[in-house]
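Note sheet for the following structure.
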């Protein structure tokens, strides 16, 4: 089944689980991808690019699991233009109610000569062969010309003409390196649609990177020029400076119907919950002044602005906070809440409990949190699952003691569970967090570099949980560790150990670019 080509429909192609995952340390396991995929389905995303099945067996299984779970969105697997990649993608999406294979090859002179070491004729032949092979698995085949922004226009037309004849239904024009500007990008899209034979028989797509901060602007320019699919990610997540931000593209089209003669099917009230889930799972916090989903996106500090909004909202607000999901963040549970209420709220938050054992463990964590924190918000419930033990746990915090006094060196004393045995470690540092990390390293000796330490308050109030992100690097591998607790130092220890567990268990993978 393929999406119907209509001029008034803008298709939203979300690649958070594939391109977004290529952000340093943002790699997701199968369970992470399933949680986000189900939320994307609630968001009513048209196409979910679930991963790159040929990258690893883990990626293959994750894409297959998403294909089995998602019913209302198309599930897509990425493949380079070679037989192995296409067949792996075809096998991974086989369980999907609606499946797509997205195959690509570079078309710019620098990529063909320096990276592929292929002639233009060989590139065209490989593209055609990949599309034809993909058609054996699904009628819904998308083709991307990698680095289209720096590709020769006439050669692009030749490649696109050939893949249309081979059976591609969607043609994607990527600004792989974030090089273009809106006026030029829109003009390139317009010329392609006007020049390529049978252009009216396919859906034209745009995929823009944000290296110059223009990914959303370029994407919208392409829409004005005739593109009817935008490839984007939640929170603009992605490699380097990221991708076009889904929430910004969607709300720009929705807010300016006088400019855009198309609309999406996105359930906008799910935007903020989706943003928060992706942020918590990947460890990438959303900046407060981020458009649409930032904490300050609908805040007014200026007295003049406040007065205007109180008199008439539209004086300074072009959209309502409720439209994108801010009003849904409500108090739901407390320490007296029972298992059934807890289970029901998890289901409403799209958090699945596969069995009673998992539910019991989660409920125990909830009760422990409720003893520390009087009011439990949806964000607190979601955070319960950000630092839960991985399937193959090597490190765990058993107990901790911290001492910090003016004029004295802060000290941390920890008991760690390490591969089945408890080990004590003690260290001093410039602060309690520094002492904690040094105590862990006395045992771990991990030879890692600490690239990032970030703290974010999950909710308001002095008893709010702190969510800590720790980014570690070792031998070229980067991982994010997450930890949440009402005690920031404990949250920090959990985050550091979570990162160490990922370094111990996560395998290598490929990172294709579009």
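The values are calculated or read from the model by the stated rules, or taken from the named source; none is laboratory data. Owing to the predicted nature of the structure, the values given are computational and were not obtained by experimental measurement. Heads up, the Cβs are rebuilt from the backbone with ideal geometry, glycines too, and the neighbour counts pull from every protein chain shown.
General remarks:
- Residue in region 160-176 that is more than 15 Å from residue 102 (Cα to Cα), within 27 Å of the chain's Cα centre (by Cα) and touching a residue at least 60 places away in the same chain (Cβ under 8 Å) present: yes
- With respect to the conditions (1) free of Cβ contacts under 8 Å to residues at least 60 places away in the same chain; (2) in a loop (DSSP other than H, G, I, E, B); (3) touching a strand residue (DSSP E or B) at 6+ places or on another chain (Cβ under 7 Å), residue 464 falls short on a single one, namely (1).
- Pairs where the first residue, in region 39-66, is at positive phi and the second is part of a loop (DSSP other than H, G, I, E, B) and at pLDDT 95 or above, C-beta under 7 Å, 6+ apart: 44/265; 44/266; 44/267; 51/17; 51/18
- Search result, residues across region 433-457 that are surrounded by 22 or more Cβ atoms within 10 Å (Cβ to Cβ) and in contact with a strand residue (DSSP E or B) (Cβ under 6 Å, 6 or more places away or on another chain): 435, 436, 439
- For region 487-514, the set of residues classified as assigned to a loop (DSSP other than H, G, I, E, B) and modelled with pLDDT of 90 or more consists of 487 only.
- Any chance residue 139 is at pLDDT 95 or above, part of a helix (DSSP H, G or I) and surrounded by fewer than 19 Cβ atoms within 10 Å (Cβ to Cβ): no
- For residue 23, the conditions (1) more than 27 Å from residue 496 (Cα to Cα); (2) at pLDDT below 95 all hold with the exception of (1).
- Qualifying position, being within 13 Å of residue 500 (Cα to Cα) and modelled with pLDDT of 90 or more, among 434, 387, 449: 449
- Residue that is surrounded by the fewest Cβ atoms within 10 Å (Cβ to Cβ) [pool: residues in region 280-302 that are farther than 20 Å from residue 251 by Cα and at pLDDT 50 or above]: 285
- Within region 40-56, the set of residues being surrounded by 21 or more Cβ atoms within 10 Å (Cβ to Cβ) and modelled with pLDDT under 95 comprises just one member, 55.
- Boolean, residue 479 is in contact with a helix residue (DSSP H, G or I) (Cβ under 7 Å, 6 or more places away or on another chain), closer than 24 Å to residue 379 by Cα, free of Cβ contacts under 8 Å to residues at least 60 places away in the same chain and not in a helix (DSSP H, G or I): no
- Answer from 89, 127 - the residue that is in the same structural domain as residue 55 (by TED's automatic domain parsing), at pLDDT 95 or above, touching a strand residue (DSSP E or B) at 6+ places or on another chain (Cβ under 7 Å) and under 23 Å from residue 64 (Cβ atoms): 89
- The one condition in (1) within 21 Å of residue 209 (Cβ to Cβ); (2) part of a helix (DSSP H, G or I); (3) without any contact (Cβ under 8 Å) to a residue 40 or more places away in the chain that residue 156 fails to fulfil: (3)
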